[in-house]
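For reference, the structure discussed in these notes is given below.
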Amino acid sequence: MASEQITVTPGPPASEVVEIWTDGGCKPNPGPGGWAAILRFRDVERELSGAEPATTNNRMELTAAAMALEALKRPCRVVLHTDSQYVKNGVTRWHEGWVRRNWRNAAGDPVANMELWRRLLDAAKAHRIEWRWVRGHSGNAMNERVDRLATKARDRGTSHGPPPPSPLPQREGED
């Protein structure tokens, strides 16, 4: 019987990973919407949020993920938590087909929210990202927290930001 050799390569230490939680939503859908993201690197957290007066749930989910990744100052290892299967599946499964079909979906129609998908994919290019889906409203503390931030942003109806300078990873030479 042949022996099988298995090599296990450990992932990066938690201290080298930026964790991100994102959420977005509208009430009603379509209607006024809000988005939020929480970024955590080591023991430092940064909250981002914003709103649009007329949008959709999917647009807010995409905006949250794009804004979070755009906030990173240098290439990072990232674990991005989203309760949006639309975002997770679009990034991990569907986008290659869309690009191959010149930004058309399987039915041949233009991809909805194409400009936001392109923005998100561009923001993701510099990073090594593990996309994790988390069930919304299921008791996950960070998902519940980011949901409250997105709802608050929607209710407030305005973006707040830019936030103060972040201690998140910076490019060499940046302050």
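The values are calculated or read from the model by the stated rules, or taken from the named source; none is laboratory data. It should be emphasised that the depicted structure is a prediction, and the values quoted were computed from it without experimental measurement. Reconstructed Cβ throughout: ideal geometry from the backbone, glycine too, with neighbour counts over all protein chains shown.
Please tell me if Asn140 is surrounded by fewer than 14 Cβ atoms within 10 Å (Cβ to Cβ), over 22 Å from Leu72 (Cα atoms) and of a type outside the set (Gly, Ala, Ser).
In short, no.
One line per residue, one yes/no per condition, for (1) in a helix (DSSP H, G or I); (2) touching a Gly at 6+ places or on another chain (Cβ under 7 Å); (3) modelled with pLDDT of 95 or more; (4) closer than 18 Å to Val18 by Cβ:
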{"position": "Val91", "(1), (2), (3), (4)": "yes, no, yes, yes"}
{"position": "Glu96", "(1), (2), (3), (4)": "yes, no, yes, no"}
{"position": "Asn102", "(1), (2), (3), (4)": "no, no, yes, no"}
{"position": "Ala112", "(1), (2), (3), (4)": "no, no, yes, no"}
{"position": "Trp117", "(1), (2), (3), (4)": "yes, yes, yes, no"}
{"position": "Ile129", "(1), (2), (3), (4)": "no, no, yes, yes"}
{"position": "Gly139", "(1), (2), (3), (4)": "no, no, no, no"}
{"position": "Glu172", "(1), (2), (3), (4)": "no, no, no, yes"}
For residues that are surrounded by fewer than 21 Cβ atoms within 10 Å (Cβ to Cβ) and charged (D, E, K, R), scanning just segment 60-73, find the one that is farthest from Ala36 (Cα to Cα).
Lys73
Hey, any hits in segment 7-17 for a residue that's surrounded by 11 or more Cβ atoms within 10 Å (Cβ to Cβ), modelled with pLDDT of 95 or more and either at positive phi or not polar (S, T, N, Q) (or both)?
yes
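For segment 18-49, give me each residue that is touching a Gly at 6+ places or on another chain (Cβ under 7 Å) and buried (at least 24 other Cβ atoms within 10 Å of the Cβ).
Keep residues of segment 18-49 that are touching a Gly at 6+ places or on another chain (Cβ under 7 Å), which gives 24-26, 32-35, 48-49.
Gly24, Gly25, Gly33, Gly34, Trp35, Leu48, Ser49, listed by residue number.
Going by the structure shown, is Met60 part of a helix (DSSP H, G or I), at pLDDT 95 or above and in contact with a Cys (Cβ under 8 Å, 6 or more places away or on another chain)?
On the way: part of a helix (DSSP H, G or I): yes; at pLDDT 95 or above: yes; in contact with a Cys (Cβ under 8 Å, 6 or more places away or on another chain): yes.
Spelling it out, Met60 is indeed part of a helix (DSSP H, G or I), at pLDDT 95 or above and in contact with a Cys (Cβ under 8 Å, 6 or more places away or on another chain).
In segment 75-91, how many are touching a strand residue (DSSP E or B) at 6+ places or on another chain (Cβ under 9 Å) and crowded, with 19+ Cβ neighbours inside 10 Å? First the steps, then the outcome.
So the first thing to find is which residues in segment 75-91 are touching a strand residue (DSSP E or B) at 6+ places or on another chain (Cβ under 9 Å), and the list is 75-85, 87-89, 91.
Cutting the leftovers down to crowded, with 19+ Cβ neighbours inside 10 Å gives us 76, 78, 80-84, 87-88, 91.
So the answer is 10.
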Cβ-Cβ distance below 8 Å, separation of 6 or more or different chains: which pairs start in segment 88-116 with a residue that is among the basic types (Lys, Arg) and end on one that is assigned to a loop (DSSP other than H, G, I, E, B)?
Arg101/Gly108; Arg104/Val111
Kindly list the number of the only condition in (1) of a type in the set (Gly, Ala, Ser); (2) modelled with pLDDT of 95 or more; (3) outside any strand (DSSP E or B) that fails for Gly24.
(3)
